[in-house]
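Okay, handing you the structure first.
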Amino acid sequence: MEWNLIFFVNSILLGVGLAMDAFSVSIANALGESGMKKSRMCFIAGVYAFFQFAMPMIGWICVHTIVEYFQNFEKFIPWIALALLLWIGGKMIWEAVRGEEDSDDENALTKLTFATLLIQGVATSIDALSVGFTIADYGLLMAFVASVIIAGVTFAICMTGLLIGKKAGEKLGSKATLLGGVILVGIGIEIFVKGVVL
């Protein structure tokens, strides 16, 4: 593979495709935390970008070292993403419904914890492990640069999602957490169907 315009365009397009789940999760997170500051938004988008950088690199390393084990693990990826996002989304839905019963106070919205953010980062980027096969013919430096581009695109797309979710969350109030949970469950199902059925 050569360093040319096609390499950079392909890397950007890969980034856009891989970032769509993280984009939707970003919207869901910001719906539940409409008072989110810019520094926190940058941190959240940065976590997703990090995982979108790390997963293709891990996939690339697996392809060049333990390929037969990686191929066996690959079939579990949709199941893992489904389980993680169903758990997080279900928890958000449960807390939103329980919060509505306890109080109509808008401040009762659930704040995104670091542990939950890490789980979301893994769940939304785990399918990017398969990109290791896509970029298997790249050298180490090219694979690294492609992963950096994917991370940069992810960061920009997630920041956009957070801004959209924040604006929508201000209008939706306490219903935003419920909607965010439903979105996460939907993304989990979509990743599963894409990975298992299609």
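The values are calculated or read from the model by the stated rules, or taken from the named source; none is laboratory data. Note that the structure is predicted; figures quoted are calculated from it, not measured. Every residue, glycine as well, gets a Cβ built from its backbone with ideal geometry; the counts of neighbours run over all protein chains shown. With ligands, DNA and RNA removed, areas are computed over all heavy atoms of the protein, side chains included. Shrake-Rupley method; radii C 1.70, N 1.55, O 1.52, S 1.80 Å.
Is it fair to say residue 55 is assigned to a helix (DSSP H, G or I) and crowded, with 22+ Cβ neighbours inside 10 Å?
yes
Right, here's the next one. Working carefully through the options 88, 6, find the one that is exposed (fewer than 15 other Cβ atoms within 10 Å of the Cβ), on the phi < 0 side of the Ramachandran plot, assigned to a helix (DSSP H, G or I) and not small (Gly, Ala, Ser).
6 is the lone residue from the list that is exposed (fewer than 15 other Cβ atoms within 10 Å of the Cβ), on the phi < 0 side of the Ramachandran plot, assigned to a helix (DSSP H, G or I) and not small (Gly, Ala, Ser).
How about the stretch 68-85: which of its residues are assigned to a helix (DSSP H, G or I) and open to solvent by 50 Å² or more (accessible area, probe 1.4 Å)? Don't jump to the end; show me each part of the working.
Initial filter on the stretch 68-85 (assigned to a helix (DSSP H, G or I)): 68-74, 77-85.
Within the stretch 68-85, 68, 69, 71, 72, 73, 74, 79, 80, 83 qualify.
When the residues of the stretch 9-19 are filtered to those that are free of Cβ contacts under 8 Å to residues at least 60 places away in the same chain and either hydroxyl-bearing (Ser, Thr, Tyr) or loosely packed, with under 14 Cβ neighbours inside 10 Å (or both), which remaining residue is farthest from residue 160 (Cα to Cα)?
Of everything passing the filter in the stretch 9-19, 9 is farthest from residue 160 (Cα to Cα).
Across the stretch 160-178, what is the number of residues that are at negative phi and surrounded by fewer than 20 Cβ atoms within 10 Å (Cβ to Cβ)? Working first, answer last.
First pass over the stretch 160-178, keeping only residues at negative phi: 160-172, 174-178.
Applying the additional criterion that residues be surrounded by fewer than 20 Cβ atoms within 10 Å (Cβ to Cβ) yields 160, 163-164, 167-168, 170-172, 174-175.
Qualifying residue count for the region: 10.
Find the helices (runs of 4 or more DSSP H) located wholly in the stretch 91-198 whose residues include 1 or more that are farther than 15 Å from residue 23 by Cα and at pLDDT below 85, and list them.
Details: elements: 114-125, 131-134, 140-172, 175-192.
Helices (runs of 4 or more DSSP H) meeting the threshold: 131-134, 140-172, 175-192.
Another question about this same structure. Does residue 22 fit the bill of being open to solvent by less than 20 Å² (accessible area, probe 1.4 Å) and under 20 Å from residue 161 (Cα atoms)?
The answer is yes for residue 22.
For the stretch 28-39, which positions are open to solvent by 30 Å² or more (accessible area, probe 1.4 Å) and either in a helix (DSSP H, G or I) or among the basic types (Lys, Arg) (or both)?
Those that are open to solvent by 30 Å² or more (accessible area, probe 1.4 Å) and either in a helix (DSSP H, G or I) or among the basic types (Lys, Arg) (or both): 37, 38, 39.
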